[in-house]
Amino acid sequence: MPRKHAPAFTPEAASASSSGGAGQPHNLPVLQAKMKRDPEGYEEELRQLHRHFESSVFLFQQQAALATTSSSGGGGEVAKELGDLALFLAHVAPFYPDDLADLPDQIGGLLDTNARGLPPGLRSHLVQALVLLVNRKIVDLEDTMELFMELQVIGDRAVKKLAFSHIVHSIRRMNQKHKNESTNRKLQNVLFKFLQAEEESRAKRAFTILCDLHRRRVWFDERTTNAICDACFHPSSRIMIAAISFLLGYENAPQEDDSDASSSEDEADQNPQILLSKQDVYKANHKGTSASKKKKKAKLQRVIRSMKRQQRKSVEETGSSFYSPLTYLKDAQGFAEKLFSRLQKCNERFEVRMMMLKVIARTIGLHHLVLLNFYPYLQRYVQPHQRDVTTLLAAAVQACHDMVPPDAVEPLFKQIVNQFVHDRSRPEAIAVGLNVVREICMRIPLMMNEDLLQDLVLYKKSHEKAVSIAARSLITLFREICPSLLVKKDRGRPVDPKARPKAFGEVTVASNVPGAELLDENISSEGESSDDESDGFHSDDEMDLTPAPPGTEENMEGSSVANKHDADGDTKEEDDASDDEDGTDQDDSNSDSDELDDDSDVDVGTDISDEDEGDDGELKESINGSEDEALDQNEDSEEEDKSKGSGSKAQKRKLNDYIGQLNSADASLRALKRLATAKKAEEPSDETGKILSDEDFKRIKELKAKKEAKLALAQHGLIKGVDTRSVTFKMPSSDQLSRKRVDPLELEAHVRRKMSKEERLALVKAGREDRGPYMARAAVKQKKTGGLSNKQKQHKKRMPLAATRAKAARSRQEKKQQRKRSGNQFRGRKAWK
């Protein structure tokens, strides 16, 4: 059965339907659905509508040229009809690519030439039709990018929002699976051209798009970063302020990332792993009384919280997730100098100049730049009464690093000390000054001398908490970097008493992988633990030994004579034997050392011979010492045997001889092991050139976590025998200090700010919320619903008999004295007589 075609859709019918005339009001959506189902059957209707669209465009352009659209009512009808036709053709364009090939050019040309003169409804419909064509990939985004940028500055808020969201979402969708560098570069060139233009509106829209794409990590490359940083030099102050605000607040802005891998890494960083041994957890939960277990559990929780806080802080400051747009500057020195010259010439308000100061200081600290004119400029504003002085001081600290000459910062440093830290200054100013001095000395230790440090340290005796804490933190810092500048009583027990700050320009070059020594320590500790287990096994066997049979005792050296003589004779012969053994051992060791000396003189030289002599001497002393200890033990045991009796003397003496010889052999063996371990530690290991695998790096990470957990437990008193001096303060590296952001609030930590009257009233009212209305104490007592109080019960308690008799006697005496005074007492003359 042949299909029945719809009636011909003429322009007259289209206009009638749009104006609500004789035709149907919803013919275009119905026809659109039919065309999508059967494109070939409606080709003639499409051609008629396309010709009608072209005629409507021509008619509208003629009306716009004659400026008669506002006077006649037909212009509004033509505009509405044109907008509906444009949307209709954009929807069916994918099904008729040949017939509607010139549709994007027609819509784009109309928007390009008459965008400002179009009615708002028609303009919105045309933009929606063009967006639809770009989304259907009939036209490329790079061909319409400039048009969408121009549409954002015509003054139509709806069109501006639509064009902005279309550009951002199209670029995000384009880079979702893979990045097309050529297309991205073309789009970036368009935006960069608009950003460099002197017109503020166009540059502002381009800057907003670049910042949004960079924040969403779509365009996260160096070109975009440098373009945003170059916006700081735009002639318009609004663009400059927006760029500086973006650079300063980028780290605090919510960063959206489309990749799942990075989000999983962030979650892993936010949830740090705490490695605690099962033994510590078991002791905290099962050993001790209920009160001690409660204390141990609380300490364990504090340890876990402190370790999580430290790991989170280290991840935030020095982890791989750290990012700042200033890091990827191609010419950081030129950027800082150019922005500083603009700062010196500009007449902006104070807040803008402070923002420029912070950006310059942040750039200097990140890239270790040398900008010597920056510090005298800061020196003019270093006053306690200066507005936002903590922000200014934080910028001064951020601009200090180890590559700046100390002479350039010294005037600024002295200005801070003289203006903030003196006896007539306020406590909060002193605290801020001491904190700034500590932060500057942490970055440039050569700024401090002995006299100044001793004067500043005296503030530790201040009654103000903030001042004393700041002074003690300064002491803690110099205990680590240079203890010799402190007085002896302030040095404490430093980790390295001979520590000195590095000279200017000195650089520490790493010769190995950080943390690789933990692997060697772990291997050596495992070896020692296995040796200790074997020693413990033998010692247990020795303690469980019964008196040895006579045959074995006769075979031991020096024990055959002990079976034939008394205790006195035995002790003498044993002393002689020990002397002989000592002599032979000394002779052997001396002969061995002499042979080594001769060989070393011939082959190598005197240095190795001295080392060998020292090693042999240590070995000889350790062996002799162990033998002397064994002999002392034998003598003490034999003296006890003499006092007890002669019945079991021989048997006990045999056992003591056997144990003594075993002890001496064991001690000499341990001395050899100890010497070999020390020798191995001194000699350069052959594993320095070893290539570490991924398992080794994972093992290093685990060992670091275990070491930190052990030190944290020892610091909180859960483990004994661990040196916690290295836990008190950990000196950060230069890279960590450059990445770390100096918070102005940290400089005024522990400073009690004076509250205003409104804040005090709010605090008083907040304290009254949980209280009821005021009532007298008597009324409160009367409303008491419970039993008697303890005071009332104490009154009703029966006293002992002696106390009762004493009270009765006391009352009799008082009554007697009262009667005695009553007859002779003068009561005075009455006044009314």
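Tabulated data
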quantity: Members of region 749-766 that are open to solvent by less than 80 Å² (accessible area, probe 1.4 Å) and in a helix (DSSP H, G or I); calculated: GLU759, ALA762, VAL764, ALA766
quantity: Extreme residue, nearest to LYS193 (Cα to Cα), among residues of region 162-176 that are touching an Asp or Glu at 6+ places or on another chain (Cβ under 8 Å) and open to solvent by less than 60 Å² (accessible area, probe 1.4 Å); calculated: VAL168
quantity: Residue within region 821-833 that is part of a helix (DSSP H, G or I), modelled with pLDDT under 85, exposed (fewer than 10 other Cβ atoms within 10 Å of the Cβ) and not assigned by the TED database to the domain that holds ALA429 present; calculated: yes
quantity: Looking only at region 187-241, and only at residues there that are among the hydroxyl-bearing types (Ser, Thr, Tyr) and assigned to a helix (DSSP H, G or I), the one that is farthest from LEU147 (Cα to Cα); calculated: SER237
quantity: Extreme residue, most open to solvent (accessible area, probe 1.4 Å), among residues of region 34-58 that are under 18 Å from ALA101 (Cβ atoms) and hydrophobic (A, V, I, L, M, F, W, C); calculated: VAL57
quantity: Single match in ASP388, ASP407 (criterion: among the acidic types (Asp, Glu) and either touching a Lys or Arg at 6+ places or on another chain (Cβ under 8 Å) or free of Cβ contacts under 8 Å to residues at least 24 places away in the same chain (or both)); calculated: ASP407
quantity: Residues being in contact with a Lys or Arg (Cβ under 8 Å, 6 or more places away or on another chain) and assigned to a helix (DSSP H, G or I) - total across region 115-133; calculated: 2
quantity: Flag if ALA806 is at pLDDT 80 or above, surrounded by 10 or more Cβ atoms within 10 Å (Cβ to Cβ) and farther than 30 Å from LYS358 by Cα; calculated: yes
quantity: Residue satisfying condition, being in the same structural domain as GLU40 (by the TED database), assigned to a helix (DSSP H, G or I), modelled with pLDDT of 90 or more and within 51 Å of the chain's Cα centre (by Cα), within set HIS91, HIS166; calculated: HIS166
quantity: Exclusive hit being farther than 27 Å from LEU247 by Cα and crowded, with 19+ Cβ neighbours inside 10 Å, set VAL139, VAL159; calculated: VAL159
quantity: Residue check, ARG217 open to solvent by 50 Å² or more (accessible area, probe 1.4 Å), in contact (Cβ under 8 Å) with a residue 60 or more places away in the chain and not aromatic (Phe, Trp, Tyr); calculated: no
quantity: Filtered residues of region 323-341 (kept if assigned to a helix (DSSP H, G or I) and either surrounded by 14 or more Cβ atoms within 10 Å (Cβ to Cβ) or β-branched (Val, Ile, Thr) (or both)); calculated: PRO325, LEU326, THR327, TYR328, ALA332, GLN333, PHE335, ALA336, GLU337, LYS338, LEU339, PHE340
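One line per residue, one yes/no per condition, for (1) closer than 26 Å to ARG491 by Cβ; (2) buried (at least 21 other Cβ atoms within 10 Å of the Cβ); (3) aromatic (Phe, Trp, Tyr):
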position	(1), (2), (3)
ASN373	no, no, no
TYR381	no, no, yes
ALA396	no, yes, no
HIS401	no, no, no
GLN419	no, no, no
GLU428	no, no, no
ALA431	yes, yes, no
SER462	yes, no, no
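The values are calculated or read from the model by the stated rules, or taken from the named source; none is laboratory data. Worth saying up front: this structure is predicted, and the values here are computed from it rather than measured. For neighbour counting, all protein chains shown are included, and Cβ atoms are generated from backbone atoms with ideal geometry for every residue, glycine included. These accessible areas exclude ligands, DNA and RNA; they are computed on the full protein's heavy atoms, side chains included. Shrake-Rupley method; radii C 1.70, N 1.55, O 1.52, S 1.80 Å.
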